[in-house]
1. What is the angle, in °, between the Cα long axis of helix 118-130 and the longest principal axis of the Cα atoms in the chain? Nearest 10 is fine, range 0 to 90.
2. Using only the Cα atoms of the range 97-137, build the gyration tensor, take square roots of its eigenvalues as a ≥ b ≥ c, and label the shape rounded, prolate or oblate: rounded if a/c is under 1.5, else prolate if a/b is larger than b/c, else oblate.
3. Amide H of Ile198 versus every other amide H placed in the peptide plane: which residues, excluding those fewer than 5 positions away on the same chain, fall under 5 Å?
4. List the pairs from Lys22/Lys173; Lys54/Lys237; Lys89/Lys337; Lys308/Lys337; Lys229/Lys308 whose alpha-carbon separation is above 32 Å, in the order I gave them.
5. To the nearest 0.05, what FRET efficiency results for Leu126 and Ala46 with a Förster distance of 25 Å applied to their C-beta separation?
6. Sort the following peptides by mean Cβ neighbour count (other Cβ atoms within 10 Å, averaged over residues), highest first: 72-85, 43-56.
7. How much length, in nm to one decimal, is gained on full extension between Asn339 and Gln19, taken as 0.36 nm per residue of separation minus their Cα-Cα distance?
8. Tell me what the chain gives for mean residue ellipticity at 222 nm when only DSSP H runs of n ≥ 4 count, each as -39,500 (n - 2.57), the sum divided by the residue total, rounded to 500 deg cm²/dmol.
Amino acid sequence: MMESLLDRPYWVIDILPEQVPKENADLFFAVEKYYLRPPLLKEIRARLTDVLLKLNCYSGFQVCFPDGEAFIRNPAPEQLASWMMEEQKDLRVLLPGEDALITVNHDELYMTVYNPPEALLNRIRLLAAANGLFLRRPEDSGNERRTSMDALEAIITRRSTRNFRPDPVEQEKLDRILQAGRQAPSGGNNQTSHFFVIRNRDVLDRLVSMTEKAFAAMEITEDMYSSMKHAVTASKKGGYVFCYNAPLLIAVANRTGYGNNIADCACAIENMMVAANALDLGSCWINQLRWLNEDPEILAYLRGFGMKEDERVYGAVIIGYPATESGLPNRGLMAMKGNEVTWID
Ligand SMILES: Cc1cc2nc3c(=O)[nH]c(=O)nc-3n(C[C@H](O)[C@H](O)[C@H](O)COP(=O)(O)O)c2cc1C
């Protein structure tokens, strides 16, 4: 786990707010040398220690040394402080709950944070600021140049994104996502899913107004699914945007009389969401077009784009670049409150 985290995008908690330009390297080295003198270095390590100790109140730690000794789970604050300040050790601090890693080296004036989810970044930024330190992304920090993600990691860290940047998704990435959807399993290998990739803003806006109109005309019933209740209430109020202004939506249709129609669409959509995560894109399942898949106006509109008489939408997914500060999807692990497992050995 630790090795793969070292390939992930990283940030630094540093004494400087920005990368020093190359032409100022001499000035920087003189200042760095000054701060690396023992009493000053110890003072900076104390500030970094303060950030670490306070972070430990929110995230469990597994600490080890780079030479490969075993992990120590949540060492006592006195122990961690001693490694940091008295012994000035190189440390690897794994945050398993966040799938993040912090590294600190004895001859550096900063700590490096690999793969932090958005909430962790925000927390670190506050703690760093309180200690006169800065959280920043170094140039060439891997945030744009990551190669590929391990399949299991892409599955486990997929989380829904509901806030998007307007930037379009590159055709190359979209092709790979669609390939992942089309390669999904289907009952009897029927391959009857039909993918509608909607990037046209006018079409998306039209679907937004048609879904709002359809929901606004519905009455809330007691046994109504809570998300549907929300859609109806919000639509009656006005301004309901079911697809969160994502730059693109893929609606997946299938045959009405086919028993695996929903299951096949679900396999395709999950594959596409996992692929999107692997490509650093955010995604979210969108169900409104399924709930309204018999709405005559929406049905006629989609038929105008080639949906066949016996096809209906059974699911949809929105995809785009997350509107997070890092531009990366939130990848925090989900707390398990259900999804029971019964082992039968
Ligand atoms: C069948 C299905 C339908 C869903 N419908 C919607 C939806 O219409 N709108 C939405 O915002 N999220 C929708 N979601 C996303 C879930 O709310 C989300 O997956 C769940 O809260 C777990 O969070 P995570 O995806 O971040 O792990 C749907 C998910 C599934 C599997």
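Throughout, read-outs are computed from the coordinates displayed, never taken from laboratory work. In this text, all values refer to a predicted model and were calculated from it rather than measured experimentally. Neighbour counts are summed over all protein chains in view; Cβ atoms, including those assigned to glycine, are modelled from backbone coordinates with ideal geometry.
1. For 118-130 against the chain, the angle is about 30 degrees.
2. It comes out oblate by the Cα gyration axes.
3. Leu249, Ile250, Ala251
4. Numbers: Lys22/Lys173 34 Å; Lys54/Lys237 43 Å; Lys89/Lys337 39 Å; Lys308/Lys337 40 Å; Lys229/Lys308 30 Å.
Listed pairs above 32 Å: Lys22/Lys173; Lys54/Lys237; Lys89/Lys337; Lys308/Lys337.
5. E(calc), rounded to 0.05, equals 0.90.
6. Averaged packing, sorted descending, gives the order 43-56, 72-85.
7. Working: separation 320, 0.36 × 320 = 115.20 nm, distance 4.54 nm.
Additional length available on full extension: 110.7 nm.
8. -11000 deg cm²/dmol
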